[in-house]
Amino acid sequence: MGIVDEIKTFVEQECNKPTSKYGYEPFPYHFTPTVKYAGQLADVLGGDKEVILIAAWMHDIGSIVHGRDDHHITGARIAEEKLKELKYPEEKIELVKKCILNHRGSQNRERKSLEEQIIAEADTMSTFDNLSGLFKAAFVYEHLDQKEANTSVKEKMKRKWNQLHFEKSKEILKPKYEAAMLLLE
């Protein structure tokens, strides 16, 4: 089993634990699409694809283990421990950590490497694969009614669309974005 598969298995196991803060759902509905988009962007834009895929699998592991607050910091620490355990090269561990530390759009951090930029972008892109999750959050966690939820989801989709930096990202997501806007009219 290669390192990327080992990390995927680790993340899936963490999501599957009873202590997982969000249960198993983030694995198929957030991690998996994030990894898919990170791989697509790496294929087109370059960067160290192995680092990108590892960081994509690990970018929100801090949320799963410790909760959302400071999950970029706790996630970088978890990634470092796990990758050292797997004897991954130190310089690559540092790049994975930077990707995790700088993936959050709300943090407005400076992303120096292409790998960091790709992880942040793929994280944003994953939103477009999880419309049901956006509605779940609106209904369950935000206690919105249908009209409010529809407005909230539509505005979030617009914000996420405007956060995309790479033309390739918009090219990939344009059909989903347009379909969502049509459905949320």
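The values are calculated or read from the model by the stated rules, or taken from the named source; none is laboratory data. Just so you know, these numbers come straight off a predicted model, no measurement behind them. So basically every Cβ, Gly included, is an ideal-geometry build from the backbone, and we count neighbours across all protein chains shown.
Candidates in segment 37-58 are the residues that are in contact (Cβ under 8 Å) with a residue 12 or more places away in the chain and not aliphatic (A, V, I, L, M); of these, the one that is nearest to ASN130 (Cα to Cα) is TYR37. Note on segment 145-170: residues that are basic (Lys, Arg) and surrounded by fewer than 13 Cβ atoms within 10 Å (Cβ to Cβ) amount to 2. The number of residues in segment 6-27 being assigned to a loop (DSSP other than H, G, I, E, B) and at negative phi comes to 8.
As for segment 78-89, it holds no residue that is under 13 Å from the mean Cα position of the chain (by Cα), under 24 Å from ASN130 (Cβ atoms) and either not in a loop (DSSP other than H, G, I, E, B) or not acidic (Asp, Glu) (or both). Considering only residues in segment 1-50 that are among the basic types (Lys, Arg) and more than 26 Å from LEU164 (Cα to Cα), the one that is surrounded by the fewest Cβ atoms within 10 Å (Cβ to Cβ) turns out to be LYS17.
Residues in segment 131-185 that are in contact with a helix residue (DSSP H, G or I) (Cβ under 9 Å, 6 or more places away or on another chain) and in a loop (DSSP other than H, G, I, E, B): GLU142, LEU144, ASP145, LEU164, HIS165, PHE166, LEU184, GLU185.
Here is a yes/no grid of residues against (1) surrounded by fewer than 18 Cβ atoms within 10 Å (Cβ to Cβ); (2) farther than 14 Å from SER20 by Cα:
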| site | (1), (2) |
| --- | --- |
| ILE52 | no, yes |
| ARG68 | yes, no |
| ILE73 | yes, yes |
| GLU80 | no, yes |
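Of all residues in segment 154-179, those that are closer than 21 Å to HIS103 by Cα have Cβ atoms under 7 Å from Cβ atoms of residues that are basic (Lys, Arg) and modelled with pLDDT of 95 or more, 6 or more apart or on another chain, in LEU164/LYS170.
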